[in-house]
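Structure, as structure tokens:
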Amino acid sequence: MSEIRKAGRIPRIELSEKTGISRATVTTITAELLQRGLIEEVTREDGGTDSRRGRPRVDLKIRGSAHLVAGVKISHLKLSLVLIDFEGRQLHGIENDMDQSVQSPDALAALIAQTVSELAQAAGHSLEQVSGVGIGIAGVVEASNGFVYWSPSLNERNVEFGKLASQHLGLPAFVDNDANLVAFAEYSFGLARGMPDFLVVTIESGVGLGLMIDGELYRGTRGCGAEFGHTKVHLNGALCRCGQRGCLEAYVADYALLREATLTPDVDVSADPAQRIETLLTAARNDDPTARSVVDRAGQYFAMGLANLANIFDPALIILAGEQMQFDHLYEEAVIDAMRKSIIRVDRDPPEVVVHKWGDLMWAKGGAAYALDRVSDLALEKMSDHAA
């Protein structure tokens, strides 16, 4: 089914060639998928006919109405959600503000369930018609069972958040690190569509990394893999919100800049965070020594971190995404040049670095794409159990 989804529409003979499965077996499997309403036949766009049978040739495609899935992106003070059909077409999206950035697991799970229900109703459906929900949350997550070791959005550690969200929703919930889901979204329908190897670095309230290797997300054995923001750049350095010192995000993330912004006279501490950061950056551009030092240090550490990623993984593409991309201090030419100077030199071009300024609804669509993948797996498991 994944090959059909990738192709959009594909004839059986080509499906056999791509998968290496015999034509007879492809016919048997697709007959079962057709019977269960997961795929459908559509007339070939070229209008050709089958010379043996004298009828129009058909392609196979995913049946969009087979399932609905939702995606959720948990931000600092906002929930962003999208609803998509089984083909991946977005049907509706909403964004709701939250009163608190840190909540109890039960309160956050209940809020997600309520908002998913509102999303479904706004799209003309009910919560019961949704087959699964993909949830992206910042922190250390074991995606296989939705276990959250730590998240800045939760006031508790070691939470079975996937299970808790499923209980409130009354349907399967699939939880993963939000940066992973951005990478999944880039791979599914973004700048890295179909690319087997690339990196996505996200800069928001924290610093995240989504790492795609051979078309699969790399998560590590405990869900702690690709924790780029918590790589160390300064021994006994600034305090990170994870509780340790010297982490990259303690110098680069928005809360780090806001902490340092209080040292700059022009910054109004009563202003909203985005305005304070903009004031800090403006002061740096105007050569205020304190502001310039804060911004330069952030750029230096970020360039060092990107160079380390390039030297370890040697990707063809590094995508920078996230709320902080509205500001240019982390991807200005001086930062990217500093990164390139620290990369191992060979007679080939260094990794391409691109900025993708998605909004939170696109992050939520990554969660929906993840849910779509998992719901597809569950549907195929049911087929296997029935066949056994």
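The values are calculated or read from the model by the stated rules, or taken from the named source; none is laboratory data. Note that the coordinates shown come from a computational prediction; the quantities given were computed from them, not determined experimentally. Cβ sites come from the backbone with ideal geometry, for glycine too, and all protein chains shown count toward neighbours. When the accessible area is computed, the model is the full protein with side chains, heavy atoms only, and any ligands, DNA or RNA have been set aside. Shrake-Rupley method; radii C 1.70, N 1.55, O 1.52, S 1.80 Å.
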Loop-resident sites, region 208-269, for trypsin sites (Lys or Arg not before Pro), counting at most 14 other Cβ within 10 Å (DSSP): R222
message: Considering only protein heavy atoms and a probe of 1.4 Å, how much of the accessible area of region 83-228 is carbon and sulfur, as a whole percent?
response: 44
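Mind checking the alpha-carbon convex hull of region 1-149 and giving the volume per residue in Å³?
Roughly 150 Å³ of hull volume per residue.
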- request: Write down the accessible area per residue of region 284-388 in Å², having rolled a 1.4 Å probe over the full set of protein chains.
  value: 53
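Going through the DSSP H helices of the chain, which span 27 Å or more along their own axis at the Cα atoms while scoring at least -0.5 as a mean Kyte-Doolittle hydropathy?
Qualifying helices: 289-313, 360-387.
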query: At a 1.4 Å probe, what is the % contribution of carbon and sulfur to the accessible area of region 258-329?
result: 49
message: Report for the chain the percent antiparallel among DSSP-assigned beta bridges with both residues inside it, nearest 5.
response: 65
message: Longer than 28 Å from Cα to Cα, which of K6/K365; K78/K382; K18/K163; K357/K382; K78/K341; K163/K382 are they? Say none if no pair is.
response: K78/K382; K18/K163; K357/K382; K78/K341
- prompt: Hey, what number do you get for the chain at 222 nm if only DSSP H runs of n ≥ 4 count, each worth -39500 (n - 2.57), divided across all residues, to the nearest 500?
  reply: -12500 deg cm²/dmol
query: Candidates [x] 104, 68, 54; [y] 79, 54, 36; [z] 70, 52, 33; which is the computed Cα extents along the principal axes in Å?
result: [y]
- line: Heavy-atom accessible area per residue of region 162-229, all protein chains kept, 1.4 Å probe, expressed in Å², is 35
Accessible area expressed per residue, region 1-126, with surrounding protein chains retained (probe 1.4 Å, Å²): 52
